Every structure is written in C-alpha cells, then in structure tokens.
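J.: Submitted below is the structure of interest, expressed as structure tokens.
The values are calculated or read from the model by the stated rules, or taken from the named source; none is laboratory data. Keep in mind the model is a prediction, meaning the values are calculated, not measured. Positions of Cβ are generated from backbone atoms using ideal geometry, with glycine treated the same way; all protein chains shown enter the neighbour counts.
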C-alpha cells in the first residue's frame, strides 16, 4: 500500500477547498520527495482563490515552500544547485519552476518560461503532478528543479517566502541595472516592496523611496530601508525633492495597478528604467504615449518569476542581513485544515504573509515560526 499525503485541493473560486488524501508514488529518475515544513501564502494564491486570477483545476496551491528531504529518486543528484551536499533531513527550498534546460527559453536565460516547465502551486493534479503544491504534507520535486539547502541560521519564517517574493525582487533589481548611489521608487509596500526597500539599501542606493496607500506598510518599508516614504497624493513632491527635480533612476512597480503605474512612470528621469513586476492579474489597459517613451529614452522591462541564480542571490541576501527582522513579516501560522476559513478574504491589516505548517502542531510553534 502506498504512503499517503494530505493536501488542500482547490477546485475553483466558488467552491470550498477540501482536504484530500493522495498516494505518494514510488520515486522515479531525478525526482526528490520532501515533506512540507512551511508554506507561506503569496498574494497570487489569494487572488486565485478570490477569482481574480484563473488557474487550471483541480490543483494544490502554494509555491512559497520550505521542505525537508525525505527521499531521492534513483538518479537524483545528492547536491543542490550551488554544489552543496544534500541528504535526507536537510531543509531545502527550490525554484518555483522546474525547467528542461534544452528548449529555446531555457537556452536564452529564461528557464522560468520553459516550454516543458513544471510550476509549483500551479499544476493540474494529474499523474505525477498530483503533489506539486505547498498546501500539502509532501511535495514531489520534478527533474530540473533548482534545489537549495537552507543554512541553519535562517528561520523558517525568514526563508519560506524566498522562492517567490525575495527571488522575484532579486530578478527585478537585476533588470533595473546598477543603482549604487542612485535613486529608486518602489511602488507598493507589501512583502515584495518591503523586501525591495531592504535590497535597494543593501545595493547602496542613495534614495530609496517607497509608496503605498497604507500608512502601516509605508512605516514598515521605512524600517526595512526606505529613506523616504510617501502616499500617492504627495509622491511627486517627495520624488522631486529627493532627486533635485530630475526624477528617479528606476521604478520597481509591484502593485500591478494601472492607476499606480500611470502616476509613477512620469516620475522616472530621462534615460531611466521601469521594471514591471506586479501586473500578474487582469487589469485595464494603461495610457502610455509612445513618443514620451522615445524622447525620454526610457527602458521598460517586465519581470515574471525568476531564474535559479535569482533564488541563490535571494538566499545569500537573507543570510547577509541578520539585522533585519524578516521573520516578523510572517505574522501568523495556521494548520492546513484552517486555511479555508481564512484566505477567502483579503489579509487582515498589518499582515503581509500567512504561514501554513501542514505537519506541525502549532501549539509548539512560535508566532513567527521559529
């Protein structure tokens, strides 16, 4: 009889999530089985549950996953993507996409767009893709997964969002170019925005300006590295004062809001760069004058997900900043069977991430996940 894993299965926005028991298959080839230590709920998970995004169903949501190795497939490497040894019991995380390494996107530095990708938290539950999400006791890692062993120094709460939020921020700043001594506007102060403020400060940005509608989130961004924070109403004045009227070198747009983009892009300086990250759900078309882009010599980049080297950079970054309380950003932990009652509505004020611990009795877990 096959071992069994529990999973919280999503059938669509109008239907309840339900706990199902799923057989764990015998491992083949390069597969690796992990038990899920923690899974934090990304904003895109909540958007899917609320019907703002469409995902094929049935599926197991959750892609910000931290696991512990249970078993290796017969040909799986016992090394992580950085060349570090791996063994059963090691805490690991892995890229949101498992890629083939051979197709056109993989050969052109876009493995996250692999033509044969397996994307964790987004796969239809068929065949060997049944256990591919974080809202389960176990996750079966496909061949081509970029696995990284987690240093003991990093808490579960700090590192669980790394394979989405932190790695995406790494990709965004790579797209923005050299910002040392420069200025950056961070649009949105959620999990990615707060992380981006810390990242920008670590890069040596002279002016790190963060904007959000929510006062508490602006305060949090300031605590993590923003030198100035502003609301949409005073943003233009704030930026002109900070940059002596030139505008910012780069805009990292994390909200996905058309209104926010239209308010922010005129505040980018001549020759500046705009990095679009947050628009991962349907929005209205934005108003953009092509002549303005041309005459101002602007660069516009889109960043969706990330490559394995961005996840490695994210883990290195978190390891280098023990002074920042990243673990406090996951402010509540819940068991798997309580998820349905909490994630059909927006997160309560002040909470950037909810954490789920499928296999742990929460009475023994600290509020920040230990």
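J.: Here is a check on your reading of the model: is residue 45 closer than 30 Å to residue 313 by Cβ, assigned to a helix (DSSP H, G or I) and touching a residue at least 24 places away in the same chain (Cβ under 8 Å)?
T.: Yes: the conditions hold for residue 45.
J.: Okay, next question. Could you say which residue among 162, 198, 180 is in contact with a helix residue (DSSP H, G or I) (Cβ under 9 Å, 6 or more places away or on another chain), assigned by TED's automatic domain parsing to the domain that holds residue 279 and not in a loop (DSSP other than H, G, I, E, B)?
T.: Exactly one of 162, 198, 180 is in contact with a helix residue (DSSP H, G or I) (Cβ under 9 Å, 6 or more places away or on another chain), assigned by TED's automatic domain parsing to the domain that holds residue 279 and not in a loop (DSSP other than H, G, I, E, B), namely 198.
J.: May I pose another question? Go through (1) in contact with a helix residue (DSSP H, G or I) (Cβ under 6 Å, 6 or more places away or on another chain); (2) within 24 Å of residue 96 (Cβ to Cβ) and name the single condition residue 282 misses.
T.: (1) is the only condition that residue 282 fails.
J.: Another question, if that's okay. Do we have residue 88 as touching a strand residue (DSSP E or B) at 6+ places or on another chain (Cβ under 9 Å), in a loop (DSSP other than H, G, I, E, B) and either touching a residue at least 12 places away in the same chain (Cβ under 8 Å) or over 20 Å from residue 136 (Cβ atoms) (or both) here?
T.: Spelling it out, residue 88 is indeed touching a strand residue (DSSP E or B) at 6+ places or on another chain (Cβ under 9 Å), in a loop (DSSP other than H, G, I, E, B) and either touching a residue at least 12 places away in the same chain (Cβ under 8 Å) or over 20 Å from residue 136 (Cβ atoms) (or both).
J.: Report, by residue number, each residue of region 99-116 that is touching a residue at least 24 places away in the same chain (Cβ under 8 Å), assigned to a loop (DSSP other than H, G, I, E, B) and surrounded by 14 or more Cβ atoms within 10 Å (Cβ to Cβ).
T.: Across region 99-116, the qualifying residues are 99, 100, 110, 114.
J.: Moving on to the next point. Kindly indicate whether any position in region 218-241 is outside the structural domain of residue 66 (by TED's automatic domain parsing), surrounded by fewer than 20 Cβ atoms within 10 Å (Cβ to Cβ), more than 18 Å from the chain's Cα centre (by Cα) and in contact (Cβ under 8 Å) with a residue 40 or more places away in the chain.
T.: No, because not a single residue in region 218-241 is outside the structural domain of residue 66 (by TED's automatic domain parsing), surrounded by fewer than 20 Cβ atoms within 10 Å (Cβ to Cβ), more than 18 Å from the chain's Cα centre (by Cα) and in contact (Cβ under 8 Å) with a residue 40 or more places away in the chain.
J.: What do you reckon, is residue 185 surrounded by 22 or more Cβ atoms within 10 Å (Cβ to Cβ) and more than 15 Å from the chain's Cα centre (by Cα)?
T.: yes
J.: Anything in region 1-42 that is loosely packed, with under 15 Cβ neighbours inside 10 Å, within 19 Å of residue 128 (Cβ to Cβ) and in contact with a helix residue (DSSP H, G or I) (Cβ under 9 Å, 6 or more places away or on another chain)? List them, or say none.
T.: Result: 28, single match.
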